[in-house]
Amino acid sequence: MEKRFKMIEVQPDAYRAMRELSKYVAATGIAPLHLEMIKIRASQINGCAYCLNMHAKDARKLGESEQRIYLLSTWRDAPIYTEAERLMLEMTEEITLIHRQGLSSELYQRAIALLGEEKTAQVIMTIVTINAWNRIGVSLQMVPE
């Protein structure tokens, strides 16, 4: 793997803006474990080893079980996730794989019904933010620490 630059060194203002977006996400009413689940699932889809490693560690620190972390990639077949978690994971997949269809009308309506507009907007911003971080990590071939 070739050595690539660090975004924080080459574009510090852009990196700071990303950090501010992450601060916004952390300050929403979304449970910290749910934030980590979203980040892990998007990072799995995007193949970002750096983010996947970081967010799995963060989930463990918050008390998430190994089983629930390991099964995130197959959450549809694992009955250990709540209705809200399953909804957020499904949204994560549809938004991360936006080239397929984006957030479907059916899933959007379910999200509004279960979470309300404000929380749905916060979940969308969480997914958008981790996808941006993943794209930085993958583009710069960042490796886990």
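Observations
- Rg/Rg_globular for the chain, with Rg_globular taken as 2.2 N^0.38 Å and Rg from C-alpha atoms: 1.04
- Helix 105-139 vs. the chain, principal-axis angle (Cα, 0 to 90°, nearest 10): 20
- Rg over Rh, two decimals, the range 25-65 (C-alpha only, Kirkwood Rh): 0.97
- Contact order relative to length of the range 77-127, as percent, for alpha carbon pairs under 8 angstrom and 6 or more apart: 38
- Within the listed set 98, 30, 45, the residue fluctuating most in the Gaussian network model of the chain (springs between alpha-carbon atoms under 10 angstrom) is 98.
- Angle between the chain longest axis and helix 83-96 axis [Cα atoms, degrees, rounded to 10]: 50
- With respect to the chain, whose longest principal axis is taken over its alpha-carbon atoms, helix 12-27 is tilted by about 20°.
- One Cα centroid belongs to the range 67-145, the other to the range 1-51; the line between them spans 14 Å.
- Short-range pairs are left out: with C-alpha atoms under 8 Å and at least six residues apart, the relative contact order of the chain is 37 percent.
- Where only DSSP H runs of four or more residues are counted, the chain gives -23000 deg cm²/dmol as its mean residue ellipticity at 222 nm, each run worth -39500 (n - 2.57).
Computed from the coordinates by the stated procedures, all read-outs in this text should not be read as laboratory data. This structure is a prediction, so every number in the text was calculated from the model and none was measured.
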